[in-house]
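FYI, it's all coordinate maths here, none of it is from the lab. Remember, it's a predicted structure, so these values are computed and weren't measured experimentally. Backbone-built Cβ (ideal geometry, glycine too); neighbour counts: all protein chains shown.
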Amino acid sequence: MWVLLLLGTLGLAIFVERMLYLHRGQIRSTEFLDGVKNVLAQRRMAEAVTICEEAPGPVAAVVKAALLHAEDDEVRMRYAVQDAAVVELPALERRVGALAAIAHIAPLVGLLGTVLGMATTFQAFMQGGQYATAQALSAGMWQALITAGASLSLAIPAHLAHHLLHGRVRAIVRDVEWAGNEAMRYLLIEYREAATRERGAAGAGGSGGGVTSSRASGGDQAGGGVR
């Protein structure tokens, strides 16, 4: 029973710590990425990187890796995003396996207590001879039943907690994958196309101004000749 109590306390601490960590790390990836895109549309790359640094969680870290390699080709950008994901994702799964181990070990500990309780019962048979009292037998039977019940009472919530945490981790992993791919798509297509259009507009404006100036100077010369 002391072993089961220790396992229960440890499992509860792991569950609470993981839930708080995953809650802090899970952000609304769609709204976050839309905000980053709005900043990038104004050509403020440094501000977009700062937003990613201030936001918690692996989604912001992966988007930041894509932003830092915005001028690279697709292969280098993809490698940078994958490296950031490899660094961030193991932290999400940390200690979740320990909770699964507690869920599997608890019934075995209860079975051990049941065996020891039955051994105590048969020892009472041996010591009592043919007239072993119910009080002498009840101690071992009670030990067997209470350890079995306590182990199941611990294993069932531990299994549920593990599945809950595993589902939260998978949800964050899907957000990370989507955010990384969406950030790369935006930087490689929309962001660069917008930059190309801006450079083309700036070049057209400069050349148009030169033609206008030359036409104006020619008109002045012609006017002077007429006079």
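Multiply the residue separation of ARG24 and VAL173 by 0.36 nm, subtract the distance between their alpha-carbon atoms, and state the gained length in nm to one decimal.
52.2 nm
Can you check what the net charge comes to around GLU47, using other residues whose Cβ is under 14 Å from the Cβ of GLU47 (Lys, Arg +1; Asp, Glu -1)?
+2
Between SER153 and MET126, what is the FRET efficiency for a Förster distance of 35 Å, r being their Cβ-Cβ separation, to the nearest 0.05?
Calculated transfer efficiency: 0.65.
Pull out the extension gain between ARG43 and HIS104, defined as 0.36 nm times the separation in residues minus the alpha carbon to alpha carbon distance; nm, one decimal.
Working it through step by step, the gained length comes to 16.6 nm.
Of the peptides 98-105, 84-91, how do they stack up when ordered by the mean number of other Cβ atoms within 10 Å, highest first?
Highest mean packing first, the order is 98-105, 84-91.
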